[in-house]
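The values are calculated or read from the model by the stated rules, or taken from the named source; none is laboratory data. Owing to the predicted nature of the structure, the values given are computational and were not obtained by experimental measurement. Note that we place each Cβ from the backbone using ideal geometry, even for glycine, and neighbour counts take in every protein chain shown. Please note that ligands, DNA and RNA were not included when accessible areas were found on the heavy atoms of the full protein model with its side chains. Shrake-Rupley method; radii C 1.70, N 1.55, O 1.52, S 1.80 Å.
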Amino acid sequence: MTSQSPGGEESAPTPQELREQIEHTRQELGETVEALAAKADVKARAQEQVTAVKEQAAQKAAHLTGQVHDKAEQAKQLLKEKTPGPVLDKATRAAAQVRDAASRAGQLAADKTPAAVREKTGRLAATARANRTPLLAAAAALAVFLLIRRSRRCR
């Protein structure tokens, strides 16, 4: 950036050249600071990595879900093709009989249950529906407690 005199000697840079050098150095320094700040921002880098991993997991899950769905459809179709008609008919009739028997049992239980018990059961069910989240949290805590207790006994 220095100019040469006609004799081949280097002369001092002009003020314009110095300004250009300073501006160029400032720009490089700014880029360097930005790069260092990005490397030093561990939280942002970790968040970017978490986001990338989540996206990869979602893509993998979608892919695997599709594969499982396809395999299930293939198995279903193969089962339909390989199962003889009379067996399918018998299974359909047996399922209908089970549904009918369960319906009759439910109706019989409802008929024989005293009105006071049905009323209390209805209120309890309504309360449980209204407080679903705390009830589920308590059930989960109980399940964890029982699993821990069981694992300690097995040792």
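Side notes on the structure shown:
- With Cα atoms, 0 to 90° folded angle of helix 85-112 axis to the chain main axis: 80
- Paramagnetic label zone (point 7 Å from Cα along Cα-to-C-beta, Val144; backbone N under 20 Å) in segment 114-133: 132-133
- Centre separation in Å (Cα based) which lies between segment 11-26 and segment 56-71: 60
- Candidate lysines for bridging to Lys54, where Cα separation is under 17 Å - those fewer than 8 sequence places away on the same chain excluded: Lys43
- Annotation: aspartates and glutamates with alpha-carbon distance below 17 angstrom to Lys82 (same-chain offsets under eight excluded): Glu73.
- Values (i) 84; (ii) 59; (iii) 55 are given for comparison; percent of Cα pairs over 19 Å apart, derived from the coordinates here, is the one labelled (i).
- Solution diffusion estimate, µm²/s, Stokes-Einstein, segment 71-116, Kirkwood Rh from C-alpha pairs, 25 °C, viscosity 0.890 mPa s: 185
- Residue-level accessible surface for Thr121, protein heavy atoms, 1.4 Å, Å²: 80
- Heavy atoms of Glu10: accessible area, 1.4 Å probe, square angstrom to 10: 130
- In summary, the lysines within cross-link reach of Lys120, defined as a Cα separation below 21 angstrom excluding same-chain residues under 8 places away, comprise Lys112.
- Between 0 and 90°, nearest 10: helix 42-82 axis offset from the chain longest Cα axis: 40
- Computed from Cα positions, the angle between helix 115-130 and the longest principal axis of the chain comes to roughly 10 degrees.
- Residue with peak Gaussian network fluctuation, the chain [Cα springs, cutoff 10 Å], from Pro114, Pro86, Pro15: Pro15
- Mean residue ellipticity, 222 nm, helices only, the chain: the sum of -39500 (n - 2.57) across DSSP H runs of n ≥ 4, divided by residue count and rounded to 500, is -31000 deg cm²/dmol.
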